[in-house]
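Quick notes on the structure that follows.
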Amino acid sequence: MDVKRPPILLLAFIVFIDLCGIGLIIPVVPSLVVRLAHVSLDQAAGLGSLLLLAYAAAQFAFAPLIGGLSDRYGRRPVLIWVMVALGFDYIVMAFAPTFEWLLIGRLVSGIMGASFAPANSCVADSVPAAERGRAFGILGAGGAAGFVAGPALGGFLVGVDPRAPFLAAALLAFVAAVASLFLLAETLPPDRRRAFSLARANPFGSLIQFWSSPLVRGFLLTIFVVQVAAQVSVAVWPYYVILRFDWSPPAIGASIAMFGVSIALAQGLLAGWLFKRAGEARVGPAVLVIGAVDYVLIALAGSTAQLFVLISIGALTYVAWPAMQAMMSHATPEDAQGELQGAITSTMALGSIVGPPVMSWVFVAFSDRPGIAFPGAPYVLAALLLLIAAWKFIATARLAEAPR
């Protein structure tokens, strides 16, 4: 049965909404937590990290559920309802009377933020294998663009009204839902759907299900290692550049925006070109090795100019994501693509939970003036992790070439 290919840019917009919604509220969270929890700014930092943890934990727990529902009922209805629920959740957070309400809102956002799974499943359903890596890259570029636009727009809107970033995020979610209702065709026909199983619709059941596939298992482990390494940019970067180079907040914001733009260009434009000429199996480990070298150079950088060049080059690492997604989708049955994307999202969320405390601890341990002073130590650790990931990528990719 022929399946109509969905508008890739619409799917990229849905992923954009997820990341933009997260970023929109970043500028308002500190003052909002201070006001709702009645704490000082330094205490608010701890509660703010709890909000981040709640989001990642909810996404880890519920991504397989969202993916499993899309395998049973189709991608289109799940995406629409997730966007609608996300819009109402942002409205609740806009008018949250207490910190507990805000925390509940972040948990719900994490659950509904698992729309990555059905969006990527639309690509797996309808895009030919040879073009799938490029399509996954375009979706990744949408997420990177949201990563850039969210904080910038949120920083502007918070000056208008503290609730404005949440209301803007709600509006974007509703726009995505309406656009999906009228423009998105269903990509999973009824004859390809499978019965919903609660035993499989959780991160552990989902991972156990795919553990029997050496190729998928290998790439999920690779994704976890890469995601832990990538958290050095989230947990350490602002503190590292302040300690080493005394950067101002505008300089930090500019570097984050530049990094996001570089990722969008790498995934949206460069990935497809590289996959077409060298294939996912060769490109993936190559960009991970480039990323490892880049991290070491960041740890040893001697100037601001060097850092801006290095973060642009480091964005190449993110080309490995669509490469792994494409290769895993080729090895997964048509009726389990949603479950696969849910397992991928859960694995990424788990890396987002584990990575920040590990990288932060290493930074503190090597930045303590009475001890060994090497603030770049977390980047060296991240480089080692990427080399391990490159080795695992190569070993796993060979399974795709082996006779079945």
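Values for this structure:
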| item | result |
| --- | --- |
| Full-stretch length increase - V175, A254 - with 0.36 nm per residue and alpha-carbon distance subtracted | 25.6 nm |
| Inter-label distance, nm, simple model (7 Å from Cα along the C-beta direction), F245/L384 | 2.5 |
| Rounded to the nearest 10 Å², the accessible area of Y55 at probe 1.4 Å | 30 |
| Förster radius 56 Å - calculated FRET efficiency between A373 and L183, Cβ distance, rounded to 0.05 | 0.50 |
| Fully extended contour minus Cα-Cα distance, from H38 to E334, at 0.36 nm per residue | 101.5 nm |
| Mean shadow area of the range 1-130, taken as a quarter of the surface of its Cα convex hull (nm²) | 8.7 |
| FRET efficiency, 1/(1 + (r/R0)^6) with R0 35 Å, evaluated for D191 and W361 via beta carbons | 0.10 |
| Quarter of the Cα convex hull surface for the range 206-326, i.e. its orientation-mean projected area (nm²) | 8.2 |
| Value of relative contact order over the range 104-214, rounded to a whole percent, pairs C-alpha under 8 Å and six or more apart | 20 |
| Interchain or long-range residues, amide H under 5 Å from W247's placed H | I242 |
| Dipole moment magnitude, nearest 20 debye, the chain about Cα centre, only Lys, Arg, Asp, Glu C-beta charged | 580 |
| Order by protection proxy (mean Cβ within 10 Å, highest first), peptides 319-332, 92-105 | 319-332, 92-105 |
| Cα→Cβ-extended label distance, 7 Å offset, between R398 and T98, nm | 5.8 |
| Point-to-point label distance, W391-R217, nm (Cα→Cβ direction, 7 Å offset) | 1.9 |
| Shape of the range 50-110, Cα gyration tensor, a/c cut at 1.5 | oblate |
| Extension reserve of the S49-I208 stretch, reckoned as 0.36 nm per residue once the Cα distance is removed | 54.3 nm |
| Kirkwood Rh (inverse of mean 1/r, distinct Cα pairs), the chain, angstrom | 21.4 |
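The values are calculated or read from the model by the stated rules, or taken from the named source; none is laboratory data. Just so you know, these numbers come straight off a predicted model, no measurement behind them. Note: ideal-geometry Cβ built from the backbone for every residue, glycine included; neighbour counts use all protein chains shown. Quick note on the areas: whole protein, heavy atoms, side chains included, nothing else; ligands and nucleic acids left out. Shrake-Rupley method; radii C 1.70, N 1.55, O 1.52, S 1.80 Å.
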